[in-house]
1. Could you say which residue among A192, A203, A207, A196 is over 21 Å from the mean Cα position of the chain (by Cα), under 30 Å from P98 (Cα atoms) and open to solvent by less than 60 Å² (accessible area, probe 1.4 Å)?
2. Please enumerate the residues belonging to region 195-205 that are under 11 Å from A265 (Cα atoms) and among the aliphatic types (A, V, I, L, M).
3. Considering only region 130-161, how many residues are β-branched (V, I, T) and open to solvent by 50 Å² or more (accessible area, probe 1.4 Å)?
4. Please list, ordered by first then second residue, the pairs with beta carbon atoms under 9 Å, 6 or more apart or interchain, first in region 12-34 and under 23 Å from S248 (Cβ atoms), second modelled with pLDDT of 75 or more.
5. With the requirement that a residue be open to solvent by less than 50 Å² (accessible area, probe 1.4 Å), over 23 Å from I91 (Cβ atoms) and of a type outside the set (G, A, S), what does region 170-189 give you?
6. Could you tell me whether region 189-200 includes any residue that is more than 28 Å from W79 (Cβ to Cβ), out of contact with any Phe, Trp or Tyr (no Cβ under 7 Å at 6 or more places or on another chain) and not in a helix (DSSP H, G or I)?
7. Would you call A104 of a type in the set (A, V, I, L, M), open to solvent by less than 100 Å² (accessible area, probe 1.4 Å) and free of Cβ contacts under 8 Å to residues at least 24 places away in the same chain?
Amino acid sequence: MNGTMRARPWKRRLENLGFGLAVLALVSPAALVFLWMLSLSLKNEVDNTAFPPVFIPSPPTLDNFRAVFERNDFLLQAWNSIVVSFGATGIALLVGIPAGYGIAKMRATKAAVLILIARITPGLSYLIPLFLLFQWIGLTGTIWPILITHLVLTVPIAVWVMIGFFEGLPGELEEAALVDGATIWQAFRHVALPLARPGITVATILAFIFSWNNFIFAMVLAGRETRTLPVAVNNMLTFEQISWGPLSAAALLVTAPVLVLTLVAQKQIVAGLTQGGVKGG
């Protein structure tokens, strides 16, 4: 008995060690890429093209970040990204939450499959028809085409996440509200909606991240005054050479808001996804 008791702590330590090594193997490639991008952004072009590679800048320089602001109207592009991402996320929630509730309660499996197909279909499939449509109605070059096309990304993911959460909610609570005289809208607003807050948080964060990081729609549909931040990364590319320092600095500036948001909200994301997965099962 004592031998078994002694063996358990070692078994737990080995399991924790194995889990830690697995997490390290999964996370280390992304972490190394991010650290290398940070290193490139703080070095001059001589060090960036040196062989063997110079990892630690000596001394670090902010010239690459200055070049990003000099070559781009960075503040305007940041404002465009904020308008598009918040707008697309807000509209996705207004549409996705009620749609997810209706599909879940009606058990509309075919509708859910259509949402899934829309979610996994590449955005390029929608680009040419939408471009021709916006060109025909004269909206090309304005902020509206970018905002509308981003709904192709944000609405399906919001609906899909909310379907899983609403399917997992106990139906007895809503039935009790209906028996007490509440309408289906009142049951949704006062019963289902408060219980689905973790799912709403997850849908909001994921929709915002997908909208913020989208590049191709803004690259094709935006005008000079309506470009978003991911386009700033492309502006660092020249025909003469690839300036790795400014390119990495631009990529770092675009990635930073999403990275900060993910780190700040990581507990809500994990808790929301776990809760939805457990309930859905």
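The values are calculated or read from the model by the stated rules, or taken from the named source; none is laboratory data. Just so you know, these numbers come straight off a predicted model, no measurement behind them. Heads up, the Cβs are rebuilt from the backbone with ideal geometry, glycines too, and the neighbour counts pull from every protein chain shown. Calculation scope for accessible area: heavy atoms of the full protein, side chains included, ligands and nucleic acids excluded. Shrake-Rupley method; radii C 1.70, N 1.55, O 1.52, S 1.80 Å.
1. Within the list A192, A203, A207, A196, the selection yields A192.
2. V202, I205
3. First, the residues of region 130-161 that are β-branched (V, I, T): 137, 140, 142-143, 146, 148-149, 152, 154-155, 157, 159, 161.
Of the ones still in play, those that are also open to solvent by 50 Å² or more (accessible area, probe 1.4 Å) are 137, 140, 148.
Looking only at that region, the number is 3.
4. From residues that are under 23 Å from S248 (Cβ atoms), the pairs are F34/L252; F34/T255; F34/L259.
5. E174
6. Taking every residue of region 189-200 in turn, none turns out to be more than 28 Å from W79 (Cβ to Cβ), out of contact with any Phe, Trp or Tyr (no Cβ under 7 Å at 6 or more places or on another chain) and not in a helix (DSSP H, G or I).
7. Values: of a type in the set (A, V, I, L, M): yes; open to solvent by less than 100 Å² (accessible area, probe 1.4 Å): yes; free of Cβ contacts under 8 Å to residues at least 24 places away in the same chain: no.
No: the conditions fail for A104.
Table: residues versus (1) farther than 25 Å from L62 by Cα; (2) open to solvent by 50 Å² or more (accessible area, probe 1.4 Å); (3) at pLDDT below 70.
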site: L237; (1), (2), (3): no, yes, yes
site: S243; (1), (2), (3): no, no, no
site: P246; (1), (2), (3): no, no, no
site: A251; (1), (2), (3): no, no, no
site: A256; (1), (2), (3): no, no, no
site: V270; (1), (2), (3): yes, yes, yes
site: L273; (1), (2), (3): yes, yes, yes
